[in-house]
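The values are calculated or read from the model by the stated rules, or taken from the named source; none is laboratory data. Note that the coordinates shown come from a computational prediction; the quantities given were computed from them, not determined experimentally. Here the Cβ positions follow ideal geometry from the backbone for every residue, glycine too, while neighbour counts run over all protein chains shown.
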Amino acid sequence: MKQPLNIADTRQLFVDRGLIDRLENTVLKLHEPVSGGVAIRIDRPWEGAANLGMSVFPYGGGYRMYYRGLSLNPGEMRAVLCVAVSEDGISWTKPTLGRVGQGGRRDTNIIADEAGQPLMLSPWLDSRPGVPESERIKGVTSEPVKNEGENQAVFADQRGPQRLIFWTSTDGFTFRKLDPQPELVSHLRNCFDGDNALFWSESEQQYLLYYRWYDGYRTVARTTSKDLLHWTDPLPMTYGDTPREQFYLNNTTPYFRAPQLYVALAARFMEGRRVVTDEQVKAIGLKMSPTGDFFGNDCSDAVLLTSRAGSTQYDRVFMEAFIFPGPGASNWISRTNYPLSGLLPCGTDRMMFFVNRHYVQDSWHIERLVLRTDGFASVTAPWAGGEMITQPFIFAGNALEINYRTSAAGSVRIEFQDTDGKPIAGYTFDDAQDLIGDEIARIVVWKQGADVSRLAGQTVRLRFAMRDANLYSLSFKTC
């Protein structure tokens, strides 16, 4: 007999079939975020059409956004790390740091090392308990592995062995190298190319790194560490029984309301899939690199991947796009629509994240996207009604909370069952209250009340009868 899932009091999102046993006239539906407006645009001389947003995270009561500033003008192709700050995640400013001069000006927002030299790295927030506040903000970059007698030119664009270099910062504006450095080297082609997703896992009590792995496709590998110095042998991530696709960036991060769930807003790269015409390329002012690279031959969007703590598989329930390119030729060129790393709460009922738009164009900008809390996907029932029955599980707590919505004509009704599917007295459909409305945190009530403590620790199932409704998540609480 299959062991029941022990979900304890963790929040369960319906982004995969992990908790689902049967769907009857219901489906798992992927939801699309809506625009929250432009966060930042090109407006400084040291920025350019090849700017690229990298990461966003909360810090000091506000938010930090890091992005690459890069002009494609001849003689000016030098990538620098820039920063923008915000109190609410909506309105952003570019602070005057004065650490790096550029074009005869000192009023730049360019990040530097301790010697005042500009840096290009991927910042992230280290949330491990006990880390000194002066080392909360860290960063990683990579460099070619230097082998005697090797022609280092072949490694210049990361086609050969690369080593990750770790940095830390007191204020997030000036970085210094960690000492000692880990021996974290990859010998695969295109290794460490693009952003590398690093975070402390509360669920696994260790650091996780998800980085570029190349096996004929641009894909992802996972490695772990207790101390940032010693890392396990990398394991390539798998995708279940789904067609292979190219993922330029993975942006894997623990979901802030369910840390055992890792969400990846992955940039899907459609190499050689050209959409724009020569006339459109000219009209939008698409740039070419000084080396002659043309960015009109490919297109990109973003997909939703999820994984569970300890797993080396991404669940690909949805092959469809999560972040669409949108209208206009400017969104249909290579390496645009790439999400930044970072999922952030926005008020009590929304979350936000960010995406690059209009790559290698003077109209480049970062767009803020907004989605319902837990609202990546849902169990969805039509007007005619349907049901969802969970796998057997064990929980801890005394109340069931759900995140759901219905139409004015819709409803959700919930029943507890034993492992054989028999309704449990006091918690049957006949005892259940019809739930109608739209709430992030609704405590479920039966005729006898909301208390479910007598079922805690037992193996049970939940049966949902739904009509014109969405179920986004559930969790058990101690009230």
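Quick check on segment 338-389: of everything there that is more than 16 Å from TYR404 (Cα to Cα) and of a type in the set (Asp, Glu), which residue is surrounded by the most Cβ atoms within 10 Å (Cβ to Cβ)? The residue in question is GLU367.
For segment 448-457, residues that are out of contact with any Phe, Trp or Tyr (no Cβ under 9 Å at 6 or more places or on another chain) and not basic (Lys, Arg) total 4.
Just checking, how many residues over segment 192-211 are modelled with pLDDT of 90 or more and either assigned to a loop (DSSP other than H, G, I, E, B) or of a type in the set (Ser, Thr, Tyr) (or both)?
Residues in segment 192-211 being modelled with pLDDT of 90 or more and either assigned to a loop (DSSP other than H, G, I, E, B) or of a type in the set (Ser, Thr, Tyr) (or both): 8 in total.
Figure legend. Inter-residue proximity from segment 256-272: first residues on the phi > 0 side of the Ramachandran plot, second residues of a type in the set (Asp, Glu) and outside any strand (DSSP E or B), beta-carbon distance below 8 Å, spacing 6+ or different chains. Indicated pairs: GLY272/ASP298.
The one condition from (1) at pLDDT 95 or above; (2) under 30 Å from MET351 (Cα atoms) that ALA112 does not meet is (2).
Taking the condition more than 17 Å from GLY386 (Cα to Cα), free of Cβ contacts under 8 Å to residues at least 40 places away in the same chain and assigned to a strand (DSSP E or B), does GLU439 pass? It is true that GLU439 is more than 17 Å from GLY386 (Cα to Cα), free of Cβ contacts under 8 Å to residues at least 40 places away in the same chain and assigned to a strand (DSSP E or B). When LEU178 is tested against (1) of a type outside the set (S, T, N, Q); (2) touching a residue at least 60 places away in the same chain (Cβ under 8 Å); (3) touching a helix residue (DSSP H, G or I) at 6+ places or on another chain (Cβ under 9 Å), only condition (2) is not met. Are any residues in segment 1-35 β-branched (Val, Ile, Thr) and more than 18 Å from THR306 (Cβ to Cβ), and if so, which ones? The answer is THR26, VAL34.
Consider segment 309-330. How many of its residues are among the hydrophobic types (A, V, I, L, M, F, W, C) and either in a strand (DSSP E or B) or modelled with pLDDT under 95 (or both)? Selection size over segment 309-330: 1.
Residues in segment 268-308 that are part of a strand (DSSP E or B), aliphatic (A, V, I, L, M) and within 12 Å of SER334 (Cβ to Cβ): MET270, MET288. Looking only at segment 100-107, decide whether some residue is at pLDDT 95 or above, assigned to a loop (DSSP other than H, G, I, E, B) and acidic (Asp, Glu). The answer is no, given that none of the residues of segment 100-107 is at pLDDT 95 or above, assigned to a loop (DSSP other than H, G, I, E, B) and acidic (Asp, Glu). Inspection of segment 57-71 finds a residue satisfying the criterion of being assigned by TED's automatic domain parsing to the domain that holds CYS346, free of Cβ contacts under 8 Å to residues at least 24 places away in the same chain and not β-branched (Val, Ile, Thr).
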